[in-house]
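I have placed the structure first, in the form of structure tokens, so that the comments after it can refer back to it.
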Amino acid sequence: MPAKKWEIDIEEIMQWMINGEQEFAQMIIDLGLEEKDGPNSLEDPEKVSDINKSDGSEIPETLPILPLRGLVVYPQTAVPLTIGQPRSIKLVDEASTAHRWIGLVTSRKADIERPDPSDLYQYGTAAKIHRMFRAPDGTIRLLVQGVSRFKIKKFLGEKPYITAQVVQQDERLEKGLEIDALVRNVRDQFIHISELIPSIPRELVATINSLQDPLQITYNIANLQRMDIETAQNLLELDSVVDKLRLLVALLAKETDVLNLGKKIQNEAREEIDKVQREYFLREQLKAIQKELGEEDAQSAEVNDFKQRIEASGMPPEALKQANRELGRLEKLPTAAAEYGVIRTYLDWMVSLPWKTITEDKLDVNTAINTLNNDHYGLEKVKERIIEFLSVRKLKLERSGEFIDNPDDIRKAREGVILCFVGPPGVGKTSLGQSIAKAMGRKFIRTSLGGIRDEAEVRGHRRTYIGAMPGRILQSLRRIESNNPVFMLDEIDKLGNDYRGDPSSALLEVLDPEQNSEFRDNYLEVAYDLSNIMFITTANQLDSIPDPLLDRMEVIEITGYTENEKVQIAQRYLVPRQLRENGLRQKELKFKDESILEIIRSHTRESGVRSLERNIGAVCRKVVTIREKTNKRIRVISKKYVKDLLGRPTYQPFKEVIKRTSIPGVATGLAWTPVGGEVLFIEATSMPGNKNFKITGSIGEVMKESAEAAFSYLRSHSVDFKIKEDVFNSIDIHLHIPAGAQPKDGPSAGITMVAALTSLITDKPISPEIGMTGEISLRGNILPVGGIKEKMLAAHRAGLKKIYLPDDNMADLDDLPDEIRESIRFIGVETISQVIKNIF
């Protein structure tokens, strides 16, 4: 049979292309729009003209049902389909050789491979097969023409394919102005959408625009719009053409808004891309010009500089690999890129850190001893521990070949210990760290941890954050330019924590000699060796330091100074410094020991020497002022001058003790505080009443329990102390610890409370030279307490001569200076009855 032209118009091919069937359309075009004999063609070419001429809208009562997934076919529209399932191929084969009617019904679920009748909608479209083409892969490409919609009355069978009895459902077409307005609105919106989508062929737009039938216009435009299956099926099932047009108007309006917004976004993106491309072209032209002029590009020069600095930095392999990787990224980025600055800053940190820069230790023990003695007076225990550290380090370095495989690895020769200086303010903890660095010939750096709550202050911030930078540890090393300084972490007891992390936990890795050789800062993301650093921490008290952190440190207590030690410190260090700060030469003004002792006793009340130095400075300023006003030159500061220049005494400890204890009911106790030892007065008074006992003075639960135990013990042993049995029945007793605004608590005032109550009941005052410390049990045993050295220093400052303390604490007196042990008599007691008998 000779080949015959098919009467296919361009609109049909465009329709296939729009619906994703470009390959099918191209095949038809390549065939020259000719129908050929063979297995891929319709068997009877004469039927083609019959189909094209057939305009009848009556559909058969029984139709083979072709399930569709993700697609709704409307009447009066031509749609290309691809058939791949065996039962669907059989359906198409039989229909194409018979009447060519098929029923197109959409599945409710697009993910079902082989839909059952229960999975199908009730409404579908009766269509005729216009074109059929067998592809080499076995699938069939169809061009079907929707004719009319139907409703399934009942399903007749499922084999070899689904068949159903159907009822034709014609749409209801209303007349009037509303439908004309809706049609015009739909056309205008479709034309506007076609202008926003250049891929829609102009011929197709013109064809649809020339249609007159409202239903045909509705279905053809709906066939080209994006919508979900539920909405598309709803449009098919609506009976009224007006309702269909209203739904389509809403869909087109939404699509118009989306397309307009997309076009706006696309234009903005295109403008930004054009700007970047323009900068790129200009930059490339600049490079070419600089190359012709023999000038090196600034970026290339910076990259080369980083290469040289990376090679010279001495990084370990992991850090070197990371730095070269980032340098490669930097080389490929334009300088205007946002990430360029981030990488450049990171590389600058990497090459600036002292990976291998160390200072050589001066491990001459005699030199270290002289340095420490010149810088600090006293503190013999602390100096002894530092000398031990240096001695062990020197010996291990000398014998490094016997203990380590690599003698050059200085880290293995370290002494794995972290020193922690604990003591009240002003005792010289920080300056002691400076002396250690000086004695070892190392650089010294200090950072304060007080108030730090952010873990990133220790570990650094990740580079993803704006303004990210390493933590304080690496910042300090970069600033000091040394890999083995003496690093002082000040105020470690004042670390905080909140939602930003726990800095004390981050310090566990820093202060652990077994872990800090591979410390990882969040910013660097590579291991950094901190094991060469000698870490020293300081604190005022140990209670607030977490136990895991405290376990990594060796605690050295610096409790305070005696009066004699303060005088020596003032003459050696404080006076010369204050003379310099106030413009005086060393020979122009001299302080007698008695004048400094007067300042210590009458104008200071501290364990350290800061307040002492301030008062010495005040004396120097007043001397300079008198010199300028009257031209009178004061050469020597005596005790009389101190009284004249500083005014009335601020403190008179022993006079206060005498005044307080001159009446019965007052006892002098000793207390420990974070800033050193203090003298504590406990007062008791009685009044007519009925055995009530009241405690005041801003005290904690521990001291309240001690007071209750003291009162109960005294009542239960009233006969032993020759107290009348009925004396407690007619009085109320009030126990008070003065300075009520200051919170007080601790297990060391029990013995003092019993003494004050006994003094009140027996009406016998306690000698002002007596002080005491210790806790009691309900049976009268005296329990040991802490802070003995601080308390004895406070007793010495207050002028006490006799101290009662637990017998178990007598061994703690070995740490006291000879000056205190010679001026105070210490009496160890085991029971409260021994104290009462000795006092009264």
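The values are calculated or read from the model by the stated rules, or taken from the named source; none is laboratory data. Computed from a predicted model, the values in this text were never measured in an experiment. Ideal geometry is used to build each Cβ from the backbone, glycine not excepted, and the neighbour counts take in all protein chains shown. Surface accessibility is based on the protein's heavy atoms, side chains included, excluding ligands, DNA and RNA. Shrake-Rupley method; radii C 1.70, N 1.55, O 1.52, S 1.80 Å.
Below is a table of values for the structure above.
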| item | result |
| --- | --- |
| Restricting segment 545-558 to residues that are within 13 Å of PRO503 (Cβ to Cβ) and in a loop (DSSP other than H, G, I, E, B), the residue that is most open to solvent (accessible area, probe 1.4 Å) | PRO546 |
| Strands (runs of 3 or more DSSP E) within segment 67-174 that include 2 or more residues more than 29 Å from ASP239 (Cα to Cα), in contact with a Lys or Arg (Cβ under 9 Å, 6 or more places away or on another chain) and open to solvent by less than 30 Å² (accessible area, probe 1.4 Å) | 123-134, 140-157 |
| Check on GLY433, on the phi > 0 side of the Ramachandran plot and out of contact with any Pro (no Cβ under 6 Å at 6 or more places or on another chain) | no |
| Selected residue [touching a strand residue (DSSP E or B) at 6+ places or on another chain (Cβ under 6 Å), open to solvent by less than 20 Å² (accessible area, probe 1.4 Å) and of a type in the set (S, T, N, Q)] from SER194, SER240 | SER240 |
| Top-ranked residue in segment 419-437 [being β-branched (Val, Ile, Thr) and open to solvent by 10 Å² or more (accessible area, probe 1.4 Å); ranked as modelled with the highest pLDDT] | VAL422 |
| Scan of segment 757-799 for residues that are farther than 16 Å from VAL835 by Cα and open to solvent by less than 10 Å² (accessible area, probe 1.4 Å), ordered by number | ILE788, LYS791, MET792, LEU793, ALA794, ALA795, ALA798 |
| Selection within segment 71-107 - in contact with a Pro (Cβ under 8 Å, 6 or more places away or on another chain) and within 23 Å of LYS244 (Cα to Cα) | GLY103, VAL105, THR106, SER107 |
| Among (1) part of a loop (DSSP other than H, G, I, E, B); (2) at pLDDT 85 or above; (3) polar (S, T, N, Q), the one test that SER199 misses | (2) |
| Enumeration of residues in segment 763-822 that are part of a helix (DSSP H, G or I), closer than 21 Å to GLU683 by Cβ, modelled with pLDDT of 85 or more and small (Gly, Ala, Ser) | ALA795 |
| Qualifying residue in segment 694-713 (condition: within 45 Å of the chain's Cα centre (by Cα), surrounded by 17 or more Cβ atoms within 10 Å (Cβ to Cβ) and part of a strand (DSSP E or B)) | yes |
| From GLU594, GLU606, residue being among the charged types (D, E, K, R) and either under 30 Å from ARG462 (Cα atoms) or crowded, with 19+ Cβ neighbours inside 10 Å (or both) | GLU606 |
| Filtered residues of segment 619-642 (kept if part of a helix (DSSP H, G or I) and open to solvent by less than 20 Å² (accessible area, probe 1.4 Å)) | VAL619, CYS620, VAL623, VAL642 |
| Number of the condition not met by LYS383 [criteria: (1) open to solvent by less than 50 Å² (accessible area, probe 1.4 Å); (2) in contact (Cβ under 8 Å) with a residue 60 or more places away in the chain; (3) within 30 Å of LYS566 (Cβ to Cβ)] | (2) |
| Qualifying positions in segment 461-515 - in a strand (DSSP E or B) and open to solvent by less than 30 Å² (accessible area, probe 1.4 Å) | VAL486, PHE487, MET488, LEU489, ASP490, GLY501 |
| Residue match in segment 566-582 (condition: in a loop (DSSP other than H, G, I, E, B) and either at pLDDT 85 or above or over 46 Å from the mean Cα position of the chain (by Cα) (or both)) | yes |
| GLN277, sole failed condition from (1) in a loop (DSSP other than H, G, I, E, B); (2) open to solvent by 60 Å² or more (accessible area, probe 1.4 Å); (3) without any contact (Cβ under 8 Å) to a residue 24 or more places away in the chain | (1) |
